[in-house]
Structure formats: C-alpha cells, structure tokens
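Notes to accompany the following structure.
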Amino acid sequence: MSPGRLNDTAIDQLRAGLSGAVIRPGDPDYEQARTIFNAMIDRRPAVLAQCETVEDVVAAVRFGREHDLEIAVRGGGHGVAGKALTDSGIVVDLRRMTTVEVDPDARTARVGGGATMGDLDPGHPGPSPGHHRRPGIDHRDRRVRTRRRQRM
C-alpha cells in the first residue's frame, strides 16, 4: 500500500494498538507534532505515532513496514539535519518516553528514547556553549573515567 493510500481503517487499527496518540494530516495537533527544532525542515509525514511504551514503538514500526512507509524516529527533537521527519512516511515519536532509571550500585542507567538533558539532570539550566559534562557523575572523581577507558 503506498503512503498516499493509507485508509481510515489502517489508521484506526494503529490507534487501537497504541497507548499513545496517532496524528495525521488534518488533525488539530498535526502542525505542532511535525515541527522540529530546525524550523527550516518542512516535511509532512503521513502519520505520527506518539509512542509511550516499547510496545507502541514495535506497533508503529510494524505498521510502517506493513504499509511500505519510510520510517523516521524522533527522539528529543534536536536533530539539526531533520532525520526525525519524513515526507509521506511514519514518524515514530519517542518524546513521551522520558523515564530515567538509575542503579547506582550497578552503575547503570536505562533512559527512554525521548529523554533530554532536563530528564537526566532536573537541575540542568539548559544547553550552554562547551557544556559536555556527563549527568549524575562527580567529574572530580577520576576513577569513573579511568574505569571507562580500561573497558574500551
């Protein structure tokens, strides 16, 4: 099925299989949902799947494959090159998936695909030139960096 021939039944099936929102051209939220950080990129997807769970992502990707749609994945929304959008395809929008789980004992973290620096470090004031510190790490503790280098 070509992107121009997505019918209401197919979209209804996608909506039924997602806990997040499904947005297509003509919906009230479409213009806002398709806008990315780089406003010079003006692409118009056939459908946007605003995923909330891993199962939503699986369903959205499966839908794209079944309907022969180009698939674009949108994370935090700061992709300057515009790879997070597609014309006439499906956007798998991860911005609602912002959970951060940290296990300090195991020194691991699980981060949702839509998480931004604000989700990782709630006290972070936002982007600033030259700001490359890793969130949640005391950068005076050189043991963290030394261990990472030894594993590589």
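Less than 13 Å from a label point 7 Å out along the Cα-to-Cβ axis of Met117: which backbone N atoms in region 52-80 qualify, by residue?
78
Based on the mean of other Cβ atoms within 10 Å per residue, sort peptides 61-73, 97-109 so the most packed one is first.
61-73, 97-109
Residues with amide H under 5 Å of Ala21's amide H, sequence separation 5 or more or different chain, H placed in the peptide plane at 1.01 Å from N; which?
For Ala21, whose amide H was placed from the backbone, the distant partners under 5 Å are Gln50.
As an exercise, take the mean of 1/r over every pair of distinct alpha carbons in region 34-79, invert it, and state the Kirkwood radius in angstroms.
On the way: mean 1/r = 0.0851 Å⁻¹.
Mean inverse Cα-Cα distance, inverted, gives 11.7 Å.
Output ³J(HN,Hα) for region 32-47: one whole-Hz value per residue in order, computed from phi by the Karplus curve 6.51 cos²θ - 1.76 cosθ + 1.60 with θ = phi - 60°, and x for Gly and Pro.
Computed from phi, the couplings for region 32-47 are 5, 5, 8, 7, 10, 3, 8, 5, 6, 8, 10, 10, 10, x, 6, 7 Hz.
Counting only residues 5 or more places away or on other chains, whose amide H sits under 5 Å from the amide H of Glu70 once H atoms are built in the peptide plane?
Placed amide hydrogens put Ile90 under 5 Å from Glu70.
Karplus couplings for region 84-90 from phi (6.51 cos²θ - 1.76 cosθ + 1.60, θ = phi - 60°), rounded to Hz, Gly and Pro as x?
Per-residue couplings from phi come out as 7, 10, 9, 8, 6, x, 10 Hz.
The numbers here are math on the coordinates, done by the rules we state, and not lab data. Since the model is a prediction, treat every value here as computed from it, not as a measurement. Note: ideal-geometry Cβ built from the backbone for every residue, glycine included; neighbour counts use all protein chains shown.
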